[in-house]
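Participant: Got a structure here, written out as structure tokens. Questions coming.
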Amino acid sequence: MEFILDFLTRFATQLQSPTLGFLIGGAVLAALGSRLEVPDAIYKFIVFMLLMKIGLKGGMKIREADLGDMLLPALFAVLIGVIIVLLGRYTLAILPKIRTEEGIATAGLFGAVSGSTLAAAMAVMDAEGLTYEAWAPALYPFMDIPALVLAIVMANVYLTKRKGDAGTRVKIWPIVTDSLRGSALSALLLGIALGLLTRPDFVYDSFYEPLFRGLLSVLMLVMGMEAYARVNELRKVAHWYAVYGAVAPLVHGLIAFGLGYIAHVTTGFSPGGVVLLSVLAASSSDISGPPTLRAGIPSANPSAYIGASTALGTPVAIAIGIPLFIGLAQVVFASA
Amino acid sequence: MEFILDFLTRFATQLQSPTLGFLIGGAVLAALGSRLEVPDAIYKFIVFMLLMKIGLKGGMKIREADLGDMLLPALFAVLIGVIIVLLGRYTLAILPKIRTEEGIATAGLFGAVSGSTLAAAMAVMDAEGLTYEAWAPALYPFMDIPALVLAIVMANVYLTKRKGDAGTRVKIWPIVTDSLRGSALSALLLGIALGLLTRPDFVYDSFYEPLFRGLLSVLMLVMGMEAYARVNELRKVAHWYAVYGAVAPLVHGLIAFGLGYIAHVTTGFSPGGVVLLSVLAASSSDISGPPTLRAGIPSANPSAYIGASTALGTPVAIAIGIPLFIGLAQVVFASA
Amino acid sequence: MEFILDFLTRFATQLQSPTLGFLIGGAVLAALGSRLEVPDAIYKFIVFMLLMKIGLKGGMKIREADLGDMLLPALFAVLIGVIIVLLGRYTLAILPKIRTEEGIATAGLFGAVSGSTLAAAMAVMDAEGLTYEAWAPALYPFMDIPALVLAIVMANVYLTKRKGDAGTRVKIWPIVTDSLRGSALSALLLGIALGLLTRPDFVYDSFYEPLFRGLLSVLMLVMGMEAYARVNELRKVAHWYAVYGAVAPLVHGLIAFGLGYIAHVTTGFSPGGVVLLSVLAASSSDISGPPTLRAGIPSANPSAYIGASTALGTPVAIAIGIPLFIGLAQVVFASA
């Protein structure tokens, strides 16, 4: 009981965080028909800046880190990506009025990871003083790529079987490289490489770090506007997508929280790391995932998976998921 | 006499301010045919950043303010917006070679408010140490919306009468909501709401505030280039538009200075507040106003009102108006 | 021998500089087929920001400087621009499979100057603590304009002679003004003018200076991606362009180093100034030069000169030239 009260208080505080405020503000502006727009060039540049910042920091810290500690969380990240897609395949994809390949594509998008949501979680955690391993954001590709690969493979196996062609085989390697070439993952990995191999401390401290929170506030505004704009698309597809978009982020996050807790107990994975793993699981890919899925499962209607993810999945992950997992960590690990 | 000397000295100093320097520099570059351009996406983003900064600051301070103090200045702001349009209607619009609806549209644009000019005034005042009530920038919509609404209503009443249709009525509410949806006012109001309802101090102090002056310098450059580019359009329309564009900002600002002085004496409105009110009156809308007027008075030729405003009104308001009203305040309120 | 060892050590350290890291990172991403892109609007704005920063600083310092000191270096800058074009005309342009007017255009582009390379050199030198005269970056137009003018005049004289028209004369003044109107030179000269005539210290210290290194890192990334993208164009033209693109920057830089050394001995030109002069000579124009040449020598295929410059000349100037000239200066002037 006290747990729930404690959690609700923390949750109410989160609603005053500017990160969430800008997200909601963007949705409200869009709902009121405002003509305010953040140009696409700015949006793309902000995403680049945030992921480069996260990557550089990760790369600089990984130099000092004991990478053995990363093993179990990385394995769990892969496992979570796989679980999310299988869960989506055997729940969402078998519901009425849902075309199976579109259900699988949606599950793939929710298994993949959002750099913006990750950045939002890091900003909130930094403000709360909740620390995590510097390599934790680098768990991103370990969850992202397996989820996209598995979803595309499963959808193609399904489509091939239905057609009765037994001959065609789905090639996995092109899907992996296509994921790695996505703009978000490219920026993150380049940042990690530069953080590892060069000495970017000055440019990090004078540019990428100080601009992080401010650029994130603009990005949240864009994502709020985008979420509202996609609501209409969501209305056009089966209602089960809306249910999935609202519920799945929290279910996925809680599964990750459980696995993260195991890593905490066995190898000392930090509470902040557990929260980040949960946020990665709760997030759905907003930038790199959609084009990869569109290329990999061309017969699936993007309105289904982008609608569920952008209009519901991302706002739920940011506005409910982040405070939920932070609150949970504060209560669970304080009492432990 | 000493007053004039004192004022001229201050005015000469203002010419060395970088705000004005960038404005003039932009016009000179454009006049020399430079190919330098600030991309449109950057321009839009800078306007967003400046108005968000002004809004956030206003919102954070309004929390602590006694809003009763805002009553009289807000009332005066509405009054000034109305006076400017009526003045334009019964002087500009009756001059030879001016189509009445275009004259009214021009008066509406000059009654509406420019966020960039407001930002420029705030930067100059901050550098001069001239303080103002934190809610003073929030007077913006109180002058902007009534001016646009009145101009559109008057133009339509005029056009309807001329056609002899007595039946059509002009709807006011759509004009109000259309103004509120404009990108400049949306950004300002969103900033105020976020400043009031969330705790954006960190993001304000680390991002919006430090970038303000620099982004403003870039915006001034764009406005200088834009002013020169519009001179040709101004040449094509009646010469009275040029006279109006040069004289009206100062007349409007002086009217506002007088009303602001009354508010100073009766309710203690600060000298800096009086200057801001004058600058709001002197400015003409550069971003949100033109599309609203174009939609509201489709038969008016935009070259007339945009030419007069962008090529003359805005440079006059910034380069002459701001130092004039600051100098006036320093002399009037020092002797008071 | 010790000289070479010393130089190699310094060169190895340079490879860890983030400036170079971002350049190489961009090329690697492009080679791997990444979809990461920095929008064109951002790229243009970054170039503007860097040149405005360099100009403002130069302008503010020129106020205090003894301009007599600038005379000899400025004369040498003109001389270097002329030497580079003549050298190109009588080596590159007479090689097999090279159309003479394209060879001259390429020589003109390599004689012209790159603002990005200049900015990169200044960042590396600031990090190394290698100082230079504040007016040294203002040598830019003294080398840039004569090179472009001479190349265009020589190409047109050649083409006219070939056609047998003796009557047509090439007009020099339009080429000069066209160069001055280019976006890079416009931004630099505007910055110098504003630095000289206004008091931009606050806006410089709060905006242009702190963002310099970070924006440069993004620009280097773009230039790395661009270099890789142009490799294909370079493959399509005569192989001598590749040889020229790789060798010319270092030869030009060494010529400038020699002349700079003379200025050091005779008028006390600083070692850092000598390095900047060498970098200006090594660089080839990436922004303003190509459109000027395209307009001035319309029959020359841009693939030839842009390929050689962007794919090879610029990376060689930044990755090899800058550390080479800095290392050379540290060794030469330490022993002097």
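The values are calculated or read from the model by the stated rules, or taken from the named source; none is laboratory data. Since the structure is predicted, the reported quantities are computational estimates derived from the model, not experimental observations. Cβ: placed from backbone, ideal geometry, glycine included. Neighbour counts: every protein chain shown.
Participant: Please pick out the residue among A:Ala300, A:Ala308, A:Ala319 that is part of a helix (DSSP H, G or I), within 20 Å of A:Leu87 (Cβ to Cβ), away from chain C (no Cβ under 14 Å) and in contact (Cβ under 8 Å) with a residue 24 or more places away in the chain.
Facilitator: It is A:Ala308.
Participant: Within segment B:153-171, which residues are assigned to a helix (DSSP H, G or I) and either facing chain A (nearest Cβ under 10 Å) or in contact (Cβ under 8 Å) with a residue 12 or more places away in the chain (or both)? Don't jump to the end; show me each part of the working.
Facilitator: Filtering segment B:153-171 for residues assigned to a helix (DSSP H, G or I) gives B:153-163.
Passing the criteria: B:Val153, B:Met154, B:Ala155, B:Asn156, B:Val157, B:Tyr158, B:Leu159.
Participant: Answer yes or no: is there a residue in segment A:288-295 that is within 20 Å of A:Ser179 (Cα to Cα), surrounded by fewer than 24 Cβ atoms within 10 Å (Cβ to Cβ) and under 14 Å from the mean Cα position of the chain (by Cα).
Facilitator: Taking segment A:288-295 and keeping what is within 20 Å of A:Ser179 (Cα to Cα), we get A:288-295.
The next check asks that each one be surrounded by fewer than 24 Cβ atoms within 10 Å (Cβ to Cβ); those that pass are A:290-291, A:294-295.
Subset that is under 14 Å from the mean Cα position of the chain (by Cα): A:290.
Yes, segment A:288-295 contains at least one residue that is within 20 Å of A:Ser179 (Cα to Cα), surrounded by fewer than 24 Cβ atoms within 10 Å (Cβ to Cβ) and under 14 Å from the mean Cα position of the chain (by Cα).
Participant: Please find, among A:Ala155, A:Ala184, A:Ala193, the residue that is closer than 23 Å to C:Leu36 by Cα, in contact with a helix residue (DSSP H, G or I) (Cβ under 8 Å, 6 or more places away or on another chain) and at pLDDT 90 or above. Spell out the reasoning first.
Facilitator: Working: A:Ala155 fails: closer than 23 Å to C:Leu36 by Cα; A:Ala184 fails: at pLDDT 90 or above.
Testing whether each residue is closer than 23 Å to C:Leu36 by Cα, in contact with a helix residue (DSSP H, G or I) (Cβ under 8 Å, 6 or more places away or on another chain) and at pLDDT 90 or above leaves just A:Ala193.
Participant: Taking C:Ile192, is it buried (at least 21 other Cβ atoms within 10 Å of the Cβ), β-branched (Val, Ile, Thr) and within 14 Å of chain B (Cβ to nearest Cβ)? It would help to see each step written out before you state the result.
Facilitator: Numbers: buried (at least 21 other Cβ atoms within 10 Å of the Cβ): yes; β-branched (Val, Ile, Thr): yes; within 14 Å of chain B (Cβ to nearest Cβ): yes.
The answer is yes for C:Ile192.
Participant: Related question: Being under 21 Å from A:Gly182 (Cα atoms), outside any helix (DSSP H, G or I) and away from chain C (no Cβ under 14 Å) is the filter here, so list the residues in segment A:238-287 that pass it.
Facilitator: A:Ser283, A:Ser284, A:Asp286
Participant: Tell me the residue from B:Ala248, B:Ala242 that is within 18 Å of B:Ala107 (Cα to Cα), aliphatic (A, V, I, L, M) and crowded, with 22+ Cβ neighbours inside 10 Å, please. Show your work before the answer.
Facilitator: Working: B:Ala242 fails: crowded, with 22+ Cβ neighbours inside 10 Å.
Of the residues listed, the single one that is within 18 Å of B:Ala107 (Cα to Cα), aliphatic (A, V, I, L, M) and crowded, with 22+ Cβ neighbours inside 10 Å is B:Ala248.
Participant: Next question. If we keep just the residues of segment A:254-283 that are modelled with pLDDT of 95 or more, in contact with a Leu (Cβ under 6 Å, 6 or more places away or on another chain) and of a type outside the set (A, V, I, L, M), which is farthest from A:Pro137 (Cα to Cα)?
Facilitator: Across segment A:254-283, the extreme among qualifying residues is A:Gly260.
Participant: With respect to B:Arg213, determine if the residue is of a type outside the set (Val, Ile, Thr), under 19 Å from A:Gly214 (Cα atoms) and not in a helix (DSSP H, G or I). Steps first, answer last, please.
Facilitator: Values: of a type outside the set (Val, Ile, Thr): yes; under 19 Å from A:Gly214 (Cα atoms): yes; not in a helix (DSSP H, G or I): no.
For B:Arg213, the condition - of a type outside the set (Val, Ile, Thr), under 19 Å from A:Gly214 (Cα atoms) and not in a helix (DSSP H, G or I) - is not met.
Participant: Failed condition for C:Gly268, given (1) crowded, with 24+ Cβ neighbours inside 10 Å; (2) on the phi > 0 side of the Ramachandran plot, with all others met?
Facilitator: (1)
Participant: For segment A:219-234, indicate whether the set of residues that are free of Cβ contacts under 8 Å to residues at least 60 places away in the same chain and surrounded by fewer than 24 Cβ atoms within 10 Å (Cβ to Cβ) is non-empty. Full working, then the answer.
Facilitator: Here is the first cut: in segment A:219-234, the residues free of Cβ contacts under 8 Å to residues at least 60 places away in the same chain are A:232.
From what's left, surrounded by fewer than 24 Cβ atoms within 10 Å (Cβ to Cβ): A:232.
Checked against the condition, which is being free of Cβ contacts under 8 Å to residues at least 60 places away in the same chain and surrounded by fewer than 24 Cβ atoms within 10 Å (Cβ to Cβ), segment A:219-234 yields at least one hit.
Participant: Let me ask another. Quick check on segment C:202-218: of everything there that is within 9 Å of chain B (Cβ to nearest Cβ) and closer than 30 Å to A:Arg199 by Cβ, which residue is surrounded by the fewest Cβ atoms within 10 Å (Cβ to Cβ)? So that I can check it myself, show each step before the final result.
Facilitator: The first filter runs over segment C:202-218 and keeps only residues within 9 Å of chain B (Cβ to nearest Cβ), leaving C:202-204, C:206-208, C:210-211.
Those left that are additionally closer than 30 Å to A:Arg199 by Cβ: C:203-204, C:206-208, C:210-211.
Numbers: C:Val203: 27, C:Tyr204: 23, C:Ser206: 16, C:Phe207: 24, C:Tyr208: 23, C:Pro210: 18, C:Leu211: 20.
Here the answer is C:Ser206.
Participant: Might you let me know whether segment B:45-62 holds any residue that is without any contact (Cβ under 8 Å) to a residue 24 or more places away in the chain and not β-branched (Val, Ile, Thr)? Let's see the steps before the verdict.
Facilitator: The initial filter retains those residues of segment B:45-62 that are without any contact (Cβ under 8 Å) to a residue 24 or more places away in the chain, namely B:45.
Still in the list and also not β-branched (Val, Ile, Thr): B:45.
Checked segment B:45-62: at least one residue is without any contact (Cβ under 8 Å) to a residue 24 or more places away in the chain and not β-branched (Val, Ile, Thr).
Participant: While we're looking at this one, here's another question. From A:Ala77, A:Ala12, A:Ala27, which residue is away from every other protein chain (no Cβ under 12 Å), part of a helix (DSSP H, G or I) and modelled with pLDDT under 95?
Facilitator: Selected residue: A:Ala12, the only one of A:Ala77, A:Ala12, A:Ala27 that is away from every other protein chain (no Cβ under 12 Å), part of a helix (DSSP H, G or I) and modelled with pLDDT under 95.
So that you can scan it fast, the table gives a plain yes or no per residue for (1) at pLDDT 90 or above; (2) in a loop (DSSP other than H, G, I, E, B); (3) buried (at least 18 other Cβ atoms within 10 Å of the Cβ); (4) within 14 Å of chain C (Cβ to nearest Cβ):
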residue: B:Ala41; (1), (2), (3), (4): yes, no, yes, yes
residue: B:Gly58; (1), (2), (3), (4): no, no, yes, no
residue: B:Pro73; (1), (2), (3), (4): yes, no, yes, no
residue: B:Leu86; (1), (2), (3), (4): yes, no, no, no
residue: B:Ala93; (1), (2), (3), (4): no, no, yes, no
residue: B:Pro96; (1), (2), (3), (4): no, yes, no, no
residue: B:Glu102; (1), (2), (3), (4): yes, no, yes, no
residue: B:Phe110; (1), (2), (3), (4): yes, no, yes, no
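Participant: Then there's this: What are the residues in segment B:172-188 that are touching a residue at least 12 places away in the same chain (Cβ under 8 Å) and surrounded by fewer than 23 Cβ atoms within 10 Å (Cβ to Cβ), if any? I'd like the intermediate steps shown before the answer.
Facilitator: Taking segment B:172-188 and keeping what is touching a residue at least 12 places away in the same chain (Cβ under 8 Å), we get B:172, B:175-176, B:178-180, B:182-185, B:187-188.
Selection gives B:Ile172, B:Ile175, B:Val176, B:Asp178, B:Leu180, B:Ser183.
Participant: Is it true that C:Asp205 is free of Cβ contacts under 8 Å to residues at least 24 places away in the same chain and either among the charged types (D, E, K, R) or part of a helix (DSSP H, G or I) (or both)?
Facilitator: On the way: free of Cβ contacts under 8 Å to residues at least 24 places away in the same chain: yes; either among the charged types (D, E, K, R) or part of a helix (DSSP H, G or I) (or both): yes.
It is true that C:Asp205 is free of Cβ contacts under 8 Å to residues at least 24 places away in the same chain and either among the charged types (D, E, K, R) or part of a helix (DSSP H, G or I) (or both).
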